[in-house]
């Protein structure tokens, strides 16, 4: 069996599956992650593109989360099965990672129904308002990170010394009161929020709500301005997490790619950042790109374990390049990345996993048959 056949068989027999009280099939992440995470909703959209299913899988995932949105607007970060087969709906962290509103809009484009767009618009307004209401406690104009897990970056150097890398409360509206650093201002969390506001502006325009479109555009611009004001360091041209006292946490994290894939950056700004950090073999252009922190960063050290956003090149990062590298005109480098990841898995007998060693290309044992990795492999087969 070829590796392509292996992937397709695995997906069709193990990953495309029913879920209790949900009318349509969903795309499970892996056996290790037995469920559906908000940060992986993009995976479902990629499957819809690759399988040409008319957006059915993407729509199914959107519905899963919308149907579990709280009355105050909060979306769950995951819906999964526990070991006893019970459904768990969790709200204890953000972990959005790619703008859900933007994914709603891209899903809608498969079948442009005005009624569906209006429903998405209303739900995503509620989500944006929830974040503004509960995640701007320090009044700095940006959404706040209460714990490392809000970003989805487990074991990252950007959170070294942070008291709460993990969620500290089941109620994610409550800010930490005993942490010297948090609430933080994170460039990726706010890039995603910018993506939400700009998607709402686009939805409003499509619905003929011109005044609301202008309001959302102005709010998005204010978030972009805030990211540059608080997170950007002009001395090295990079964006950092900022603690509650205004100190930058100087870890060069792959979180910066959210500024690309949520279209926060102009072409000129993107080119400058890309050339300096993603074309440099001492920064993010490792033999197996892209590591979770820059190779120049003091925290870039092989942890000897797995599921590390402080070292390994993550399949999630690699798959999300679809959202920004072609858009900004980096097609040659994008194809290089696709070839490298494709070749790494062609040369390996390991089940398609979550991450690669950024120097050797060896897979870690984390999460065999990981959805993002398998989709990236299929995308490379299609594109190259």
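Readers should treat all values here as calculations from the given coordinates under stated rules, not as data from a laboratory. Note that the structure is a prediction, hence the values are computed from the model and not measured. Cβ sites come from the backbone with ideal geometry, for glycine too, and all protein chains shown count toward neighbours.
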Report task. Please give the length that would be gained between residue 178 and residue 296 if that part of the chain were fully extended, namely 0.36 nm times their separation in residues minus their C-alpha to C-alpha distance (nm, one decimal). Result -> 39.3 nm
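Based on Cα coordinates alone, diagonalise the gyration tensor for segment 189-264, multiply each eigenvalue by 5, take square roots, and list the semi-axes in whole Å, largest first.
Values: eigenvalues 157, 29, 15 Å².
Working from the Cα gyration tensor, I get semi-axes of 28, 12, 9 Å.
How do 58-64, 303-309 rank on mean C-beta neighbours within 10 Å, highest first? Provide the component values of the computation, followed by the final result.
Working: 58-64: 22.4, 303-309: 16.4.
In descending order of packing, they fall as 58-64, 303-309.
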Report summary line: Between residue 350 and residue 384, the FRET efficiency computed from the C-beta separation at R0 = 22 Å comes out, to the nearest 0.05, as 0.55
Query raised in the report: For segment 286-344, what Kirkwood radius comes out of the mean inverse Cα-Cα distance, in Å?
Result: 12.2 Å
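Taking the beta-carbon count within 10 Å as an exposure proxy, list 140, 109 from fewest neighbours to most.
Lowest to highest Cβ neighbour count: 109, 140.
Percent relative contact order of the chain, based on C-alpha pairs within less than 8 angstrom and at least six residues apart? Each step should come with its number before you reach the end.
Details: 664 pairs, mean separation 53.7, N = 384.
So the answer I get is 14 percent.
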Query raised in the report: Pick from 209, 252, 28: which is most flexible by mean-square fluctuation in a GNM of the chain where alpha carbon atoms under 10 Å apart are linked?
Result: 209
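Which of 169, 367, 186 comes first, and how do the rest follow, when ranked by fewest Cβ neighbours within 10 Å?
Working: 169 14, 367 22, 186 31.
Ranking 169, 367, 186 by Cβ neighbours within 10 Å, fewest first, gives 169, 367, 186.
Please list the equivalent ellipsoid semi-axes of segment 1-91, computed as the square roots of five times the alpha-carbon gyration tensor eigenvalues, in descending order and whole angstrom.
Working: eigenvalues 112, 50, 22 Å².
Over the Cα atoms of segment 1-91, the semi-axes work out to 24, 16, 10 Å.
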Query - Percent of C-alpha pairs per 10 Å bin, the chain, short to long - result: 5, 24, 35, 27, 8, 0
Query raised in the report: Which residue, 133, 320, 263, tops the fluctuation ranking in a GNM of the chain built on C-alpha contacts under 10 Å?
Result: 133
Query - Rounded Å value of the spacing that divides the Cα centres of segment 281-345 and segment 84-100 - result: 25 Å
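Could you list 121, 164, 33, 194 so that the one with the fewest beta carbons within 10 Å of its beta carbon is first and the one with the most is last? Kindly include the intermediate steps, with their values, before the conclusion.
On the way: 121 23, 164 19, 33 16, 194 26.
Taking fewest neighbouring Cβ atoms as first place, the list is 33, 164, 121, 194.
How many percent of the alpha carbon pairs in segment 232-384 exceed a separation of 27 Å?
So the pairs more than 27 Å apart make up 21 percent of the total in segment 232-384.
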Report summary line: Residue span residue 214 to residue 9: 0.36 nm per residue of separation minus Cα-Cα distance leaves a gain in nm of 69.1 nm
Query raised in the report: Hey, could you pull the Cα Rg and Dmax for segment 111-264, both in Å?
Result: 16.2, 48
**Report entry** Calculated FRET value between residue 221 and residue 118, using beta carbons and R₀ = 25 Å, to 0.05
**Finding:** 0.55
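Starting from 0.36 nm per residue, how many nanometres of slack lie between residue 267 and residue 33 once their C-alpha separation is accounted for? Write down the numbers at each step before the final one.
Details: separation 234, 0.36 × 234 = 84.24 nm, distance 3.65 nm.
That works out to 80.6 nm of additional length.
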